[in-house]
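Beneath this line is the structure, given in structure tokens, with notes to follow.
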Amino acid sequence: MCKGEIGPYKKARTLLLLMLVPLLSGCWDRVEMNDVALFMASGLDITEDGRLFVSIQVPIPSKEGTSGTLDKTYYVISASGTNIYDVERKCQLLLSRKFFKGHRRVVFIGETLAQKGIEEILDYYSRDPGTRLRTYLVVTKGKQAIELLRTDHPYERIPSEEVRELERNGVGTAVTFRDFLINQERDGIVPVLGAVEIQKPQTLVEKKDEKSKLNVFQLSSTAVMKNYKLVGYLNDIETRSLMWIKGELKHEYLAERIPEAGGSVGVVLKKTEKKIKTVIKDGKANIHIELSGDGLLHESNVELDISRPESVAIIEQGLSKLITKQTLHSIRKAQTELKSDIFGFGLLVHQYQYGTWKTVRDDWDTIFSDADVFVDTKIHLRRAGMISSSLENKGVHTE
């Protein structure tokens, strides 16, 4: 080889590098933001003739930065069809921009559709690569989903963002696609979803300005979904009992009247725990539940000197008795009205007494409905504030 002549290896390497140059010219498959319509939320309903009706909430880019105005910052697109794939395709034809589902945080399910069943809907979402498994599923209590998507909110420019923030902050029951699908496939537990309601702001004086007409969303109920169908709701107190038994209650505010103390108290529970023991003998289940909570006394309107340990003990016993009563009521409602083991008692039997579970699995709904339930609650107040008794009992009055 002559000096300065390029060898075969160097020629091949140079040729390979030249072939790669066109691939370095940029993002050939890029999608500009100006060409994208963001999914913020979806609403699923059913028409009178049984067709699926889907609504999609998308922001209006030109008004996203606007503040202090009631101008619309979002747009709702709707269409009906055979299934979700068909409807989303029709909705896409109504927009010049391509849908992007990665920003969708909430899917609202109308009450009528939830009662009919959502199994086919979940089949699509579980296969769709554009659906995030951490998207929240919410039932619109007493309403169609499109009604909620079209309801303006006084604080959020995109109304569905308010529901997402409530879910993230631990208000009510927060259930994602992933949570629901996992519980649906488990033995011994009936899955639930959060339920949202549209509420008018409470006021003592009627205002005539436009803002007073805006509604707010309340996310304190729980929708019970047995075999993919809505069978009933739990209210806020029953939801608290459910979350406590399942170990999902992180903190809670109790505002209750204690007859034994002659007044009412406000307590913040900072720590809650539960212990559950299920004994099955001759086809009969006995369920023993121990609930405990540590909290702080934030308000006291009782006829007691709370600097005295015996007075605090009276409040603790009164709260414990009340929580026990509320918990038993919630469980009996699940046994008799809903006929659904939403607490997961059967799941615990499946996990820790598998041999027993195999013998009772097929009859668990009946066994749960006939089970004897015992609840013992212990509330402990670690701090009672800086004063020993209520201002009223001290004789302090304000003019």
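The values are calculated or read from the model by the stated rules, or taken from the named source; none is laboratory data. Everything numeric in this text was worked out from a predicted model, so none of it was measured. Note that each Cβ is placed from the backbone with ideal geometry, even for glycine, and that neighbours are counted across all protein chains shown.
Tabulated values for the structure
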| quantity | calculated |
| --- | --- |
| Every residue from segment 265-302 that is of a type in the set (A, V, I, L, M) and free of Cβ contacts under 8 Å to residues at least 12 places away in the same chain | Val279 |
| Filter pass, Ala334 being closer than 16 Å to Asp282 by Cα, of a type outside the set (D, E, K, R) and modelled with pLDDT of 95 or more | no |
| Positions within segment 309-351 being hydroxyl-bearing (Ser, Thr, Tyr) and surrounded by fewer than 21 Cβ atoms within 10 Å (Cβ to Cβ), in sequence order | Ser311, Ser320, Thr324, Thr336 |
| Close pairs (6 angstrom Cβ cut-off, 6 or more residues apart or separate chains): under 14 Å from Gly344 (Cβ atoms) in segment 235-254, among the small types (Gly, Ala, Ser) and in a helix (DSSP H, G or I) anywhere | Ser241/Ser330 |
| Number of positions in segment 220-236 that are of a type in the set (Lys, Arg) and in contact with a helix residue (DSSP H, G or I) (Cβ under 7 Å, 6 or more places away or on another chain) | 1 |
| Residue within segment 271-286 that is of a type in the set (Ser, Thr, Tyr) and farther than 30 Å from Asp363 by Cβ present | yes |
| Residue in segment 278-285 that is of a type outside the set (A, V, I, L, M), surrounded by 14 or more Cβ atoms within 10 Å (Cβ to Cβ) and under 27 Å from the mean Cα position of the chain (by Cα) present | no |
| Test: residue in segment 120-140 that is in the same structural domain as Thr82 (by TED's automatic domain parsing), in a helix (DSSP H, G or I) and within 25 Å of Ser220 (Cβ to Cβ) | yes |
| Near pairs, Cβ below 7 angstrom, 6+ apart or cross-chain, from segment 72-96 (assigned by TED's automatic domain parsing to the domain that holds Ile56) to any residue that is part of a loop (DSSP other than H, G, I, E, B) and acidic (Asp, Glu) | Thr73/Glu64 |
| Hits in segment 293-308 (condition: within 28 Å of Ile245 (Cβ to Cβ), surrounded by fewer than 18 Cβ atoms within 10 Å (Cβ to Cβ) and not aliphatic (A, V, I, L, M)) | Asp294, His298, Glu299 |
| Search result, residues across segment 128-150 that are in contact (Cβ under 8 Å) with a residue 60 or more places away in the chain and over 26 Å from Val231 (Cβ atoms) | Arg150 |
